[in-house]
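J.: Please read through the structure below; I'll follow up with questions.
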Amino acid sequence: MQERLQKIISAAGITSRRAAEELILKGQVTVNGNVVTELGSKADPAKDTITVNGKPLQVSQKRLYILLNKPVGYMTTLDDPEGRPLVTDLLKEVNERVYPVGRLDYNTEGLLLLTNDGDWANKLMHPSNEIDKEYHVRVRGKAHASQLAQLAGGVLIDDRKTSPATVEVIQSSENNDWLSLTIHEGRNRQVRRMCEAVSLSVVRLKRVRYGSLSVGTLKPGEFRYLTDTEVRELGQTKKTVMQEKTRPAARIPSSKNYKEQNTIKNKR
């Protein structure tokens, strides 16, 4: 059966559908020896010979869904010109080719999903699904109520305001605050740039939750396979909300550094 090339490439676990489109536009995909550069082009993976960057395409029938606790110092790409370690280097036991669902920066750690199911990955990454992603952010110094309010209400990044976020101080010390920041967008380096926009310096950044999934007890570098239920629920839910507990949009804990309790709420 003929399908769009970008869908076939994505289903093979080479890369996401969006990145597959870029490969086609750059002339890096051939069908039966002919270079294809039109995004509407179709092929039959069962009959046609498809190559990507000169390598024959093999479509796997086995679908894999992986949750990895990414350590700092790994790239969430399938290739790095500088030769830095890749997240796929941590999956030596996985025989099928998988790719990351979205990205985490080189210096960002935590929950990362990988798969070879292009349709599932595209559902998760599509902006209309608004899947919550929770980060724990260690910032230098103290986070003031006005800064939390700005983060919760949205800040300008590239002349476009971010959507309302959920933010609270979850731990406070003399030199640093730990924030919980939940967003549903996926802009490049968004959490770091949001903090920069309100003059907060990020010392450490970790993603702890993606929709209904949490990093749990996985140690950095460890991974597990998702259950069928987890795959189905995450792929079908438009907007996944944490079921175990609900929290105010912003909360500053009482301590000697804070004279009163402040709560900020933003409705989406």
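J.: Determine the relative contact order of segment 46-168: mean sequence separation of Cα pairs under 8 Å and six or more apart, normalised by residue count, in whole percent.
T.: 20 percent
J.: Among Arg192, Arg160, rank each residue by its count of other Cβ atoms within 10 Å, from fewest to most, as a rough exposure measure.
T.: Ordered by Cβ neighbours within 10 Å, fewest first: Arg160, Arg192.
J.: Another question, if that's okay. So what is the calculated 222 nm ellipticity per residue for the chain, using -39500 (n - 2.57) for each DSSP H run with n of 4 or more, over all residues, to the nearest 500 deg cm²/dmol?
T.: Here the helix-only value at 222 nm equals -5000 deg cm²/dmol.
J.: Going by average Cβ neighbours within 10 Å, how do the peptides 12-24, 208-220 rank, with the highest at the top?
T.: 12-24, 208-220
J.: How do His126, His144 rank when sorted from fewest to most other Cβ atoms within 10 Å of their own Cβ?
T.: Least crowded to most crowded, the residues run His126, His144.
J.: Also, I was wondering about something else. Taking the Cα-to-Cβ direction at Val198 and at Arg160 and moving 7 Å from each Cα, how far apart do the two end points lie in nm?
T.: 2.1 nm
J.: Please name whichever of Val52, Leu39, Thr15 sits farthest to the positive end of the charge dipole of segment 3-56, dipole taken about the Cα centre and charges placed at Cβ: Lys and Arg +1, Asp and Glu -1.
T.: Thr15
J.: Could you calculate the contour length gain from Thr217 to Thr51, that is, 0.36 nm times the residue separation minus the distance between their Cα atoms, to one decimal place in nm?
T.: 55.8 nm
J.: Consider a paramagnetic label point 7 Å from the Cα of Asp79 along Cα→Cβ; state which residues of segment 1-37 have an amide N under 12 Å from it.
T.: From segment 1-37, the list is 15, 23, 28-29.
J.: Let me ask something else about it. Greater than 21 Å separation of Cα atoms is the criterion. Which listed pairs, Lys7/Lys55; Lys70/Lys161; Lys62/Lys123, meet it?
T.: Lys70/Lys161
J.: While we're here: For Leu91, Leu25, what's the fewest-to-most ordering of other Cβ within 10 Å of each Cβ?
T.: Sorted ascending by nearby Cβ count, the order is Leu25, Leu91.
J.: Quick one: check the C-alpha center-to-center distance for segment 75-101 versus segment 156-187, whole angstrom.
T.: If you average the Cα positions of each part, the centres end up 28 Å apart.
J.: Can you figure out the FRET efficiency of Glu185 with Asp105, using R₀ = 22 Å and their beta-carbon distance, to the nearest 0.05?
T.: After rounding, the FRET efficiency stands at 0.90.
J.: Please report, in debye to the nearest 20, how large the charge dipole of the chain is about its Cα centre when each Lys and Arg carries +1 at its beta carbon and each Asp and Glu carries -1 there.
T.: Here the size comes out at about 760 debye.
Every read-out reported here was derived from the displayed coordinates using simple, explicitly stated rules and does not represent laboratory data. These numbers come from a predicted model, not from an experiment. All Cβ positions, glycine included, derive from the backbone under ideal geometry; neighbour counts span all protein chains shown.
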